[in-house]
Amino acid sequence: MLIPFWEFAVDSLLVATILVMAGLLLRMRSRIRRHEISLTQAHTAIGAAEEAARAKAAQWKSIIASLPDGLSVVDSDLRLVEWNEHMPEFAGVPPDILRVGLDQEHILRAQAIAGEFGQVDVEQEVRRRLERLRTGISAGTAERRRPGGMTMEYRRNRLAGGGFVTLYTDISERRRAEDQLRQAQKMEAIGQLTGGVAHDFNNLLAVVMGNIELAQAALQASNLLGAQQKMADAQGGAQRAATLTRRLIAFARRQQLDPRPTDANKIVSGMSVLLRHSIGDVSLETVLAADLWQTIIDPHQLESALLNLAINARDAMPGGGKLTIETANAYLDEAYAAANEDVSPGQYVLVAVSDVGAGMSEADAARAFEPFFTTKEVGKGSGLGLSQVFGFIKQSDGHVKIYSELGSGTTVKLYLPRYVADPVIEAETQVAPRRPPEARNGETVLVIEDDADVLAFTMDALESLGYRVVATRDAQAAFAALDTRPAIALLLTDIQLPGLNGPELVEVALQRRPGLAVLYTTAFPTNAIVHRGTLSSQAKTIHKPFALAELAAAVRDAIDNPPR
């Protein structure tokens, strides 16, 4: 029997379809198998990664737990991310309030209530410290004495993704050891003082006793005029001894001050004649600021301090030279106060005394205000002058800073507290400061500064204003940066540098990059530098210590008004 053609065709089509579907199923099964293998491998890899992450996390927690210091980490929103078991004890925070995500405001409030910040208005102190955290001012190292007597060091560093890591270290033992060392140094200094004072008193006794003997001889010879002269000389020696004794007594106890509203310009100008008689061959220049604020100070003690500084400056210039006294209004900001724990931020009247003498080494400058310390020969000084100046200024709620460079001279800056008759006026002058001018399109600033701490602060300040910063510590590195970075818009350099100094560096830099904007930094008053011949009077300068707003304005002005 013959099969119809159409039935045969249908059967063939079915067979073909079945074969095609079987092939597809086989290929799908193969792919599914491959995917199963891939999924198994992925699961294995994920498991290994999770295990590695868990191991890393466990290792991190083990490291944190093993630290003898307290540690805490907060994110960019100032919320707690991580801490170890020592953190509550060292930071003064109740451990039961700590949890992941806790806002830093709650931690600060708990610390303030516990007295960690001293006797303060809790809410005001919390707001102040929060603002410092948000602006990054609180980054760095600080020290605080806790209510129980423990001395803590806090090191706070910003994280790349935002937030901070803070390390709390108990340095009580270190401070006790340093106190013992200072006591030993004080005993050594007392030995130095004994030599100096004994020498001075021996000289004075020789003057007194010798002149009395000569007076007696003159009386025996009936020379009344000669006897009177010798008795006057003996009395002069006794008065010098009395002056030295008063200085010793004044050093031994706090002075009774009589602070009153004082015009520092009048004090300086009124002392000019006395100072000129006291400094011999040294010339004197006074540069008095217009519209100088009044200060609340004991005027007689300020006169004594200026005379002391002038005599020290004279002794530093035995061959003659120039003494410059300048006045200015000054503002010490929170960043400066954080780096100098003995000063409060605010407005001050600045009196700067500068000489062009031999200067001091860094080690001697650091000890200049120590009692009994002197760089003079034995018998030439007791080492009490500068320490009395320091004590007087600190007792008056002021601040003292000394800057010195070997071969360039010394500047002593006295920051005297500003006097404002109406507290409302003072409050108005400090409310809502204008925002400092910032970078435009991220200009690049080349900074040359050999002091590591000043360099770090300057870099942070400029970066916070939106500038790109290239930092170097000497002339050769600065020249290399100028040759390879055409985008540099400003050269910001210290005047005193190792090797080529600031002006010499700028001279070479302007040959390579004519028209480059330049701004100098210095701890010395402008007039003192100009008179030394170090700097042109047209050069743009900013004086250390400078506040963020001062740096912002000076940098903006230097870039916008380059040399022509």
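No value in this document is a laboratory result; all are computed from the given coordinates. Quantities reported herein were computed from a predicted structural model and do not represent experimental measurements. Here Cβ is always computed from backbone atoms with ideal geometry, including for glycine, and neighbour counts include all displayed protein chains.
Some points to look at:
- The range 150-157 - phi-based ³J(HN,Hα) in whole Hz, Karplus 6.51/-1.76/1.60, Gly and Pro as x: 5, 9, 10, 10, 10, 10, 10, 10
- Highest to lowest packing among 392-404, 144-156, 35-47, scored as the average C-beta count within 10 Å: 392-404, 144-156, 35-47
- Backbone HN-Hα couplings from phi across the range 29-42 [Karplus 6.51/-1.76/1.60, Hz, Gly and Pro as x]: 5, 5, 5, 4, 5, 4, 4, 4, 5, 5, 5, 4, 5, 5
- For Leu497, the residues 5 or more places off, or on other chains, whose built amide H falls under 5 Å of its own are Gly502.
- In this rough spin-label picture, where each label sits 7 Å from Cα along the Cβ direction, the Leu25-Met150 distance is 7.5 nm.
- In this label model, Ala48 and Glu507 are separated by 6.6 nm, measuring between points 7 Å along each Cα→Cβ vector.
- Shown is the FRET efficiency for Arg276 and Leu224, computed with R0 = 41 Å from the Cβ-Cβ distance and rounded to the nearest 0.05: 0.65.
- Compared with the alpha-carbon gap, the fully stretched path from Arg132 to Leu406 is longer by 94.9 nm at 0.36 nm per residue.
- Rounded to whole numbers, the Karplus 3J(HN,Hα) couplings from phi for the range 553-559 are 5, 5, 5, 4, 5, 5, 5 Hz, using 6.51 cos²θ - 1.76 cosθ + 1.60 with θ = phi - 60°, and x at Gly and Pro.
- Three-way shape label, the range 444-560, alpha-carbon gyration tensor, a/c 1.5: rounded
- Note on Leu39 and Asp474: the model spin-label points, each 7 Å out from Cα along the C-beta direction, lie 6.6 nm apart.
- Label-zone membership for the range 281-298, site Lys266, 7 angstrom Cα→C-beta point, backbone N under 17 Å: 288-298
- Entries of Lys401/Lys540; Lys394/Lys544; Lys230/Lys413 with Cα pairs more than 31 Å apart: Lys230/Lys413
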